[in-house]
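The values are calculated or read from the model by the stated rules, or taken from the named source; none is laboratory data. Computed from a predicted model, the values in this text were never measured in an experiment. For neighbour counting, all protein chains shown are included, and Cβ atoms are generated from backbone atoms with ideal geometry for every residue, glycine included. Areas reflect the complete protein model, heavy atoms only, side chains present, ligands, DNA and RNA absent. Shrake-Rupley method; radii C 1.70, N 1.55, O 1.52, S 1.80 Å.
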Amino acid sequence: MKYLNVETINGIVKESLFEINELSYLDKMFRSKDSKHRGVNYLGIPCAFDIETTNMYELDNEGKIKKEPRPFAFMYHWQFCFDDQVVFGRTWEEFQDLIRSLESHLNLSHKNRLVVWVHNLPFEWAFMRQFINYEEGFFREDRSPLKIVTTEGIEFRCSYALSNMSLQKFCENEEGVTHYKLSGDDFDYSKIRTAVTTLTDMEKAYCYNDVRGLCECIKSRMKHDTLAKMPMTSTGYVRRDLRANFKKNKKNRQHFKDCALDEHLYTMCRQAFRGGNTHANLDAANQLLHDLWGYDITSSYPYSIMLPHYPMTKWQKITLNTFNRFIKEDNYALLIRCRFKNLKYIGNTGVPYVSFSRLNKWAGKKIIDNGRVLFLEYCDMTLTDIDYKIILSQYKPDDISIDEVYASNYGFLPQEIRDTNMDYYRAKTLLKDDSEHLYEYVKSKNKLNSIYGCMVMRIDQTSVIWDSKNEKYVEEIPTLSEALTSYYNSRNNFLQYHHGVWITANSRLHLEEMLQKIGSDVVYCDTDSIKGMGDHDEDFSNKNAEIIKEVEKYGAYAHDKEGNIHYLGVWDNETKKGLYTEFKTLGAKKYVYCQNGKIKSTIAGVSKKVGADFFTKNGIDAFRIGTKITDSGHLTAYYNDVPIHKIKVKNCEMTTGANVALINNSYKIGVNDGYTDLLLKGLEKIRDIDYI
């Protein structure tokens, strides 16, 4: 046994490092509370596994990564935690010795399993898959397992999927975690390390805390769950709560079956589904603006869940005459398949509503503003009644053809879903800023934000199976008929897909109402927020008064510990502590700003920290087309599906196999060619084009 000084919440602690043959199995087995699920017994011992890897690649004269020889990676160190005992290893052969030792001493088998948690299992899986005896697994998609079971009775699970947090955040937000994740800033991942490289005490401590801290996170979860019943994903907790409440009302099951979607309706719902509304006003883009304000919606999706605007009766096909009557009312949810000829944007917000990627078909001339339609000669869309009305308020088509419409009566979502939604919101509100109940606050906040995710899971998901013999992924694609029949017959399922479609539609409408009030002063919007210019505080105040009247009727509010009321759906002034003194955007998910003297950035493909550091050093003026950010924090994956083989690096011969090299790439700020042309012209000049 060796010893290592490790930094913890309680200061520097001298910890033991065990050899494989020094692990005290019997003591752990005696103290563990075993639990069973579907005939499998799970040992109640928290365990964690993690690897460290080295990337090998070459750069060309311009500093770009060469594709030949292809970048690859290899494992040079692994760490395993068995409750509170940590083992280090350097080779895959030693890892296999560990597996055999666990199997032998714990009497493991298919029916008697040890769960080992891995934070981001898909990464470790890319390296370890040829060094385990694979029996079965559960995959989200190719290369992305949530669970892997070996013939020895080891069940690897993904703790990132369980928590939906980085390991650092997971450790910070769980009870009783003392071995928090150490900073990797001094680790120097670019250094080439092999299985014989001597690690510094700092590097060893980093490895130690990664698994010891993860075990403490799992132990915290086990206070409220057994390993047998613990869900695979973070949304699993919410689904479990919703299901338990849903079953309290016996009428819900029959209603679920009565309103089931057939193949055609499900396909229409899939076509009509769309996420948040994120866009930059073309007239404000590529300019350095000053003194912008920002407003955010308080819990946008949870607010929408409380509204009485959901299809709650069986869908019925209706005639064109009936549609013309229903569309003028607010009593019916409508699924509309329609076609537009010469669709022209006439709105004044600079946020065209029609998303080009959500069209069923299109043809002819077009002008696309960063993914949004300014002009389109012909298009075919499937829309909700909410989207249809918004489009007609923003666009002037020459002709509209309605191909088919289905109707359902509007109403509230099941009371049990709304109750769960409000339980989470009340708990979150009551515990906010309460340092003694941070754990409960974070749980309620995460659950509140996950209800929507549960409601938009695809019914026709493809199953992925790993064929270990031939080392390939095999997709099992059920027919839509089979998927729908299976979904609605299973008593585990209870959520209607079309309700998820209307959650986002209601939220887009909530955003759109304020966009149209702000008009041309809108600079940028993103799902539940608006950034803009001018004086519009009174507009937001008036809108909030309307919202408060509405949500008071629905009970969509909560009290904090001081007795103050917090309403769902109201607009909160995000810049009440300071305007955006400088702001510049180059389109959706691409902007930089300065607030209270600090520069921050949101650029898809660049980490927020890297972006903030870069523009703090170089100024917001550097945020322009063509600027290159080295080491952007955006990783490119190079997968190498090769057989087990020997490699020699720095005179060290090691066994390796399949692998993935995750390499930090540079990022060049840019926009597509069509958007560049639009930026030069501006919205008003575009409107003058002949065929608009």
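Structure values in brief
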| item | result |
| --- | --- |
| Prolate/oblate/rounded call for the range 533-587, Cα gyration tensor, a/c under 1.5 rounded | prolate |
| Where the Cα pairs of the range 130-207 fall when distances are cut into 5 Å bins, in % | 3, 12, 15, 14, 14, 22, 17, 3 |
| Probe 1.4 Å - accessible area at T226, Å² to nearest ten | 50 Å² |
| Separation of the N107 and R38 label points, Cα + 7 Å toward Cβ, nm | 2.5 nm |
| Of the GluC sites (Glu not before Pro) in the range 130-166, those whose Cβ has at most 11 other Cβ within 10 Å and which sit in DSSP loop | none |
| Relative contact order %, the chain, counting alpha carbon pairs below 8 Å whose residues are six or more apart | 15 percent |
| Crossing angle, helix 497-518 versus the chain [Cα axis fit, 0-90 degrees, rounded to tens] | 60 degrees |
| Theoretical FRET efficiency, 1/(1+(r/R0)^6), r = Cβ-Cβ of E552 and T313, R0 30 Å, to 0.05 | 0.65 |
| Among [x] 25; [y] 37; [z] 16, the entry that matches percent of Cα pairs over 47 Å apart as calculated here | [x] |
| Using a Förster distance of 56 Å, the FRET efficiency for H255-D467 (Cβ separation, nearest 0.05) | 0.85 |
| DSSP-loop trypsin sites (Lys or Arg not before Pro) across the range 487-549, with at most 16 other Cβ within 10 angstrom | R491 |
| Vicinal HN-Hα couplings computed from phi for the range 407-415 (Karplus, 6.51 cos²θ - 1.76 cosθ + 1.60; Hz; Gly/Pro x) | 10, 8, 5, 6, x, 7, 4, x, 3 |
| From phi via Karplus (6.51, -1.76, 1.60), per-residue ³J(HN,Hα) for the range 459-468 in Hz, x at Gly/Pro | 6, 9, 6, 7, 8, 10, 10, 8, 8, 5 |
| Probe 1.4 Å - accessible area at L335, Å² to nearest ten | 0 Å² |
| Accessible surface of the range 52-111, 1.4 Å probe, proportion on carbon and sulfur as whole % | 44 percent |
| Carbon plus sulfur fraction of accessible area for the range 257-407, probe 1.4 Å, in percent | 47 percent |
| Accessible area in square angstrom per residue, the chain, 1.4 angstrom probe | 46 Å² |
| Inter-part distance where the range 619-646 and the range 52-68 are each reduced to a Cα centre, Å | 10 Å |
| F74 long-range amide H proximity, modeled H, under 5 Å | T54 |
| Between 0 and 90°, nearest 10: helix 385-394 axis offset from the chain longest Cα axis | 60 degrees |
| Distant-in-sequence amide H partners of T313 (H built 1.01 Å from N, under 5 Å) | N409 |
| Fully extended contour minus Cα-Cα distance, from K681 to E19, at 0.36 nm per residue | 231.5 nm |
| The range 161-171 - phi-based ³J(HN,Hα) in whole Hz, Karplus 6.51/-1.76/1.60, Gly and Pro as x | 5, 5, 9, 6, 9, 4, 4, 4, 5, 4, 5 |
| Under 5 Å, built H, 5+ apart or other chain: amide partners of S35 | Y42, G44 |
| In the range 48-145, trypsin sites (Lys or Arg not before Pro) in a DSSP loop with at most 11 other beta-carbon atoms within 10 Å | K64, K66, K67, K111 |
